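Worksheet: the structure to be examined is printed underneath.
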Amino acid sequence: MSIEALVFDVDGTLADTEDVHRMAFNLAFDQLGIGWHWEQAEYRSLLAVTGGKERMNAYIDSLPLSASEKNRLRDRVPEIHAAKTQHYTDIARRGGIALRPGVLRFLEEAQNAGLRLAIASTTTAVNIDALLQATLGARGLTMFDVIACGDQVRAKKPASDIYLLALDTLGVPPERAIAIEDSSNGLRSALGAGLWTLVTPTFWTEGSDFSGAGLVLPGLGDPTGPLPGEPGARLQSAAWLGIEELLRMATVAPSPNAVQALYREDC
């Protein structure tokens with residue numbers, strides 16, 4: 001069965017945005033007098049929770065505060081998140097975010113091969129719009145047939161809701177699509193929806209459990225930035241991942257349905 005679509009995560013996958021998110025959170029904390037400051041190591045741990053509002057609520061739960069103080073802070077989460085989103089979009093529009101190496105080449109190869117492109121992300125539509133406009137310009141939104149955002153589903157990753165929504169909107173069954181992710185939560189979400197999944201970790205997610213992934217690479221690579229040890233380690237055609245090689249791997253690999261039920265249980 002042939003592949004018709006690629007479904008991309010955004011944060012960490014299209015662009016390594018997590019440090020920009022961290023900086024935007026810290027700017028919002030300072031602006032609103034919250035008194036928090038998230039360092040890289042702490043934020044890396046907090047990324048185990050998907051969704052900005054959910055991440056703040058989990059952080060509040062971990063603080064040695066009274067129940068009334070925690071409730072007061074939880075009430076401020078929407079306000080803090082709105083301020084954080086404004087700081088993030090401001091940074092993006094000033095050119096503070098770039099696509100990961102190989103991503104633009106890969107997107108263009110996919111389009112030239114006749115594949116449909118979609119996004120399945122836990123972030124907000126505003127953040128996605130800012131990133132796409134900043135990195136791809138006017139064509140950013142038109143490249144993707146479907147953009148499914150975290151606020152459109154009941155449960156965020158590792159639940160499979162966002163991938164199921166993207167596939168349903170595309171009108172493409174999971175066996176005809178490939179997911180591209182960077183995190184274990186994203187991988188579990190994609191596997192639960194029945195998708196063969198490519199994982200390209202970043203500093204924020206490397207070392208996580210990527211069991212069940214069809215392929216794990218440190219990035220997509222490019223002719224000007226080849227992947228170490230390739231071809232020969234995981235790739236055969238070149239030192240960067242091309243669409244033809246990805247499609248060949250995904251269509252000859254065993255179906256993920258054998259592990260799908262396990263991931264559904266966990267989600």
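What follows draws every value from the coordinates through simple rules; no lab data is involved. All figures in this text were calculated on a predicted structure; none of them were measured in a lab.
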query: What residue among 82, 67, 148 shows peak mean-square fluctuation when the chain is described by a Gaussian network model with Cα springs under 10 Å?
result: 67
field: Residue-span extension gain [residue 209 to residue 41] - 0.36 nm each, minus C-alpha spacing
entry: 58.6 nm
field: Degrees between helix 18-31 axis and first principal axis of the chain (Cα, 0 to 90, nearest 10)
entry: 20
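Take a quick pass over the chain and tell me how many lysine pairs come in under 15 angstrom between Cα atoms, counting only ones 8 or more apart or on separate chains. Mind dumping the intermediate values first?
On the way: 53/70; 53/84; 53/156; 53/157.
Going through the chain pair by pair, I get 4.
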- prompt: How far, in degrees from 0 to 90, does helix 103-112 lean away from the longest principal axis of the Cα atoms of the chain, to the nearest 10?
  reply: 50
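Roughly what % antiparallel, to the nearest 5, for the DSSP beta bridges in the chain? Please list the in-between numbers first.
Details: 2 of 20 bridges.
Close to 10 percent.
With N set to the residue count of the chain, report its C-alpha Rg divided by 2.2 N^0.38 Å to two decimal places. If you can, show how the numbers build up before the last one.
Values: Rg = 18.6 Å, N = 267, 2.2 N^0.38 = 18.4 Å.
In units of the 2.2 N^0.38 Å rule of thumb, it is 1.01.
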message: Can you give me the long-range amide H partners of residue 199? Hydrogens built in the peptide plane at 1.01 Å from N, cutoff under 5 Å, separation of 5 or more residues or another chain.
response: 181, 215, 216, 217
task: Calculate how steeply helix 257-266 sits against the longest principal axis of the alpha-carbon atoms of the chain, using the helix alpha-carbon long axis, and give the answer as 0 to 90 degrees to the nearest 10.
output: 0
